[in-house]
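The values are calculated or read from the model by the stated rules, or taken from the named source; none is laboratory data. Predicted model, so just to flag it, every value in this text is computed and none were measured. Cβ atoms come from the backbone with ideal geometry, glycine included; neighbour counts cover every protein chain shown. Just the protein is used for accessible areas: all its heavy atoms, side chains included, with ligands, DNA and RNA removed. Shrake-Rupley method; radii C 1.70, N 1.55, O 1.52, S 1.80 Å.
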Amino acid sequence: MNPGGWLLILILLSSLVPGLIIFALPEKSHGPRTLLNLGGAVLKLLLVLGLVVGIFRGSDFEMRWSIMPGLELVLHSDPLSALFATLSTVLWLLTTVYAVAYLEDAPNRRQFFGYFSVCVTVTVGIALAGNLLTFLLFYELLTLTTYPLVIHRGTREAREAGRVYLAYTLSGGAVIFIAVVWLQTIAGPLEFSAPSVLPALGPDYERSLVLIFILFMAGFGVKAALVPLHGWLPRAMVAPAPVSALLHAVAVVKAGVFGIIRIVHDVYGIEFARQLGLLFPLSVLASISIIYGSICALREDDLKRRLAYSTVSQLSYIVLGISVAGPIAAIGGLVHLVHQGLMKITLFFCAGNLAETLGVHRISRLPGVARRMPLTMAAFTVAALGMIGVPPMVGFVSKWYLGMGGLDAGKLWVVGVLAASSLLNAAYFLPIVVSAWFGGQEEKWPVERTFGRFETHWMLLLPPLVTAFVVVVVGLLANAQFSPLAWVKFIVAMDYAP
């Protein structure tokens, strides 16, 4: 392990240790639990920022642990891992603030926050994994640590959603395991930091490599919610709002998409994947998911389920950008990893505020709600407009680069997919916004909790206001030196370097 490897260990321990201590605390220890949650989140953020600065300055961070000859656990940082780790860490801090207030009077908070911290640990472990074996280990741990969060309410519906979640994700993990073993048998241990050795294997292995790639896409496609592997995601919306935010913006679905990026960029290499004819079918699958997810969202009256189908659509923007196989489209896809997270977590925070404060879960009950909760709906409006692609929000930046990337690669149909998707985004987001601001309240709210001078608990209100503000500022400052877009350009320049 090089000296920088200790930083990677500390990053993982900064959430793992608080999580394990929380499991041991009595249920009524609200103060110590909150201190551990927030302290761990702040410490992890500071450590990850140190990692980002180190990478920018050219430092190397790596930790190796040999299990047996040919099998090593490797933690390694590169600009892509830093991007995912930073996104997860920043959003985890905000989600922790939100969850403390959301679950203030709920039972089993010790269990919830314990698994919550461990879940973020393994998510960052996925980001920092330096080879396929390490990636697979953390990927499977993510399934096991998020399951208790999905069934946290303990209702029959929650348990059923949990069973579906496990069936999908464990099956996906088994498929990835087969692909990893098969590939390692052919090519030996594969590390993300080393140039791909697959092109040197020769034509005798091309058929096997194509089949292994299909297995990887099928396995990672489950958590990435690619159609038709997305069925678990809308059902999982029975989970509490902080869990939904975690699933959609921080952890699970992002882990699936991140796995696809690793396979295409670092295991196969973009040029070799294109030579094998693997990227065009992936583009078609992503395009189908984009359109299908949006059409399904139109049909939903349940707000969280509509947002879930929106995730199915928006995540595939990332896959589409990667599979178009051009540098500009890759920028659009990779930066949407960050932008989608910012917008989607805002929307789920707002949906949670409506449910927690007024008992409103259905879109048909939203008319006039902005007069009761104007700040919540202002944040929702910003994120929704961003999802549609309205400038200057971050969603516009992603779609601009994706569209320009499609044109640059000679694939005009990409612009058609984006245009159709944006129209569908508008069709299922704008009616919510218009009815909330300009509709008349038709009946009393199912419940109505009061919080003094604030429209809801201030710890529920602050996170969506912060993320909505960031959605605008990051869009306006997209070309700044330290923006997510600048960092993604740095990554893509390395990937497409001759």
Q. Along the positive direction of the dipole of the chain (beta-carbon charges: Lys, Arg +1; Asp, Glu -1; about the Cα centre), which of SER483, ASN37, PRO199 reaches farthest?
A. ASN37
Q | Positive-end extreme of charge dipole, the chain - chosen from ALA409, LEU8, LEU358 (charges on Cβ) | A | LEU358
Q: When a/c is below 1.5 the answer is rounded, else prolate if a/b is larger than b/c, else oblate, so apply that to region 269-336 with a ≥ b ≥ c taken from the square roots of the Cα gyration tensor eigenvalues.
A: prolate
Q: Report the local net charge at ILE151: Lys and Arg +1, Asp and Glu -1, summed over other residues whose C-beta lies under 14 Å from its C-beta.
A: +3
Q: Find out how many positive minus negative residues lie around GLU300, taking Lys and Arg as positive, Asp and Glu as negative, among other residues whose Cβ is under 11 Å from that of GLU300.
A: +3
**Q.** Dipole magnitude of the chain about its Cα centre (Cβ charges: Lys, Arg +1; Asp, Glu -1), debye to nearest 20
**A.** 1040
Q: For region 169-263, just the Cα set please: Rg and Dmax, both in angstrom.
A: 15.5, 50
Q) Given H placed on each backbone N at 1.01 Å, which residues far from ASN131 in sequence or on other chains put an amide H within less than 5 Å of it? A) VAL74, PHE192
Q: Can you tell me how much longer the chain between ALA106 and SER59 gets when fully stretched, taken as 0.36 nm per residue apart minus their C-alpha distance, in nm with one decimal?
A: 12.5 nm
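Before I look further, what does the chain give for accessible area per residue, probe 1.4 Å, in whole square angstrom?
Details: 18580 Å² over 498 residues.
It amounts to 37 Å² per residue over the chain.
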Q.
Here is the link list: LYS28/LYS223; LYS344/LYS444; LYS223/LYS399. Which ones come out longer than 25 Å on Cα distance?
A. LYS28/LYS223; LYS344/LYS444
**Q.** TYR168 - accessible surface, heavy atoms, 1.4 Å probe, Å² rounded to 10
**A.** 80
**Q.** Farthest toward positive dipole pole in region 32-133 [+1 Lys/Arg, -1 Asp/Glu at C-beta], among ILE126, PHE116, PHE56
**A.** PHE116
Q) Could you give the longest part of the chain that holds none of the GluC sites (Glu not before Pro) found in DSSP loops with at most 11 neighbouring Cβ atoms within 10 Å? A) 28-441
(Q) Below 8 Å, C-alpha to C-alpha, sequence gap of six or more: please give me the relative contact order for region 214-372 in percent. (A) 27
Q | Cα-based equivalent ellipsoid, region 232-353: semi-axes from gyration tensor eigenvalues, Å | A | 28, 14, 11
**Q.** Whole-angstrom Cα spans of region 310-361 along principal axes, big to small
**A.** 47, 15, 8
**Q.** Rg to Rh quotient for region 1-60, alpha carbon positions, Kirkwood Rh
**A.** 1.12
Q | Ranked packing of 276-287, 407-418, most packed first, by mean Cβ within 10 Å | A | 276-287, 407-418
Q: Could you work out the local net charge near LEU136, counting Lys and Arg as +1, Asp and Glu as -1, over the other residues with Cβ closer than 14 Å to its Cβ?
A: -1
Q | region 264-283 residues near the modelled ALA194 label - backbone nitrogen below 13 Å, point 7 Å along Cα→Cβ | A | 267
Q. Which value, in debye to the nearest 20, describes the size of the charge dipole of region 299-441 about its Cα centre when Lys and Arg Cβ atoms bear +1, Asp and Glu Cβ atoms bear -1, and nothing else is charged?
A. 280
**Q.** Whole-percent carbon and sulfur share, accessible surface of region 95-199, 1.4 Å
**A.** 61
